[in-house]
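Participant: Take a look at this one; I'll ask things after.
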Amino acid sequence: MYNQKKQQGFTLIELVVVIVILGILAATAAPKFIDLTSDANESVLESVGGNILSASKLVYAKSIIQGVQNQATADVDLDNDGITDVAVIYGYPSGDRTGGIANALDLGDDWAYGDRSNHAAFVLTSSSLVTFSGITNNNIPITGTNCYLTYTPPTAAGLSPTVTYITDGC
């Protein structure tokens, strides 16, 4: 008599079918659960915010040297060429999009920025989110992204500027 063993385990075809199904699920479902774009946008924004605070502290140091750190408004010459480089409020760069914090930074084509009334705040976002770069006098496109930062200069001598982040739309 011939003994026939019972088959145990999966056949090769069954394994291939399972792997193909898992591959299809991974290709369609994984990107929905793992969206790194928003995390990257947030991280870049926070990095630029840190750079803004560093630049404002350097301008403040220069304003101390020039003796204007306690004035409500003044101008600072960063490179000692006799030409005003940055408008300051209590020694820190103002929120002016053309004469304040923007002049203390080297903002290239990657950024879109503007200011709020009376240069009370400077807003900045990635140009890829608003499809333009550089200065704008209309903050609605920038703030409409819900992925931007706001630099606010101090309101009195002895205070420091602040950077706040809106990252709901990153």
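Participant: Can you give the accessible area of residue 135, probe radius 1.4 Å, in Å² rounded to 10?
Facilitator: Per-residue accessible area (residue 135): approximately 90 Å².
Participant: Which is the longest stretch in the chain that no exposed loop site breaks, taking sites as chymotrypsin sites (Phe, Trp or Tyr not before Pro) with a DSSP loop state and at most 14 other Cβ atoms within 10 Å? Could you put the intermediate results ahead of the total?
Facilitator: Values: sites that count: 2, 10, 132.
That would be 11-131.
Participant: Which value results when the Cα radius of gyration for the stretch 1-109 is divided by 2.2 N^0.38 Å? Write out the running numbers ahead of the final one.
Facilitator: Numbers: Rg = 31.2 Å, N = 109, 2.2 N^0.38 = 13.1 Å.
Ratio of Rg to 2.2 N^0.38 Å for the stretch 1-109: 2.39.
Participant: Not counting ligands, DNA or RNA, and with a 1.4 Å probe, what is residue 14's accessible surface area in Å² rounded to the nearest 10?
Facilitator: Accessible area of residue 14: about 90 Å².
Participant: Roughly how many whole Å is it from the C-alpha centroid of the stretch 93-170 to that of the stretch 10-36?
Facilitator: 44 Å
Participant: Over the Cα atoms of the stretch 75-127, compute the convex hull volume and normalise it per residue, giving Å³.
Facilitator: Numbers: hull volume 3.9 nm³, N = 53.
Cα-based convex hull of the stretch 75-127, divided per residue, equals 73 Å³.
Participant: Give a quick list of trypsin sites (Lys or Arg not before Pro) in the stretch 62-160 that DSSP marks as loop, anything other than H, G, I, E or B, with at most 15 other Cβ atoms within 10 Å.
Facilitator: Numbers: sites: 62, 97, 116; in loops: 97, 116.
Within the stretch 62-160, the qualifying trypsin sites (Lys or Arg not before Pro) (loop, at most 15 other Cβ atoms within 10 Å) are 116.
Participant: Roughly how compact is the stretch 50-145, stated as its Cα Rg over 2.2 N^0.38 Å to two decimals? Kindly include the intermediate steps, with their values, before the conclusion.
Facilitator: Working: Rg = 13.6 Å, N = 96, 2.2 N^0.38 = 12.5 Å.
For the stretch 50-145, the normalised Cα radius of gyration is 1.09.
The values are calculated or read from the model by the stated rules, or taken from the named source; none is laboratory data. Here the structure is a predicted model, which is why all the values come from computation and not from measurement. Here Cβ is always computed from backbone atoms with ideal geometry, including for glycine, and neighbour counts include all displayed protein chains. Just the protein is used for accessible areas: all its heavy atoms, side chains included, with ligands, DNA and RNA removed. Shrake-Rupley method; radii C 1.70, N 1.55, O 1.52, S 1.80 Å.
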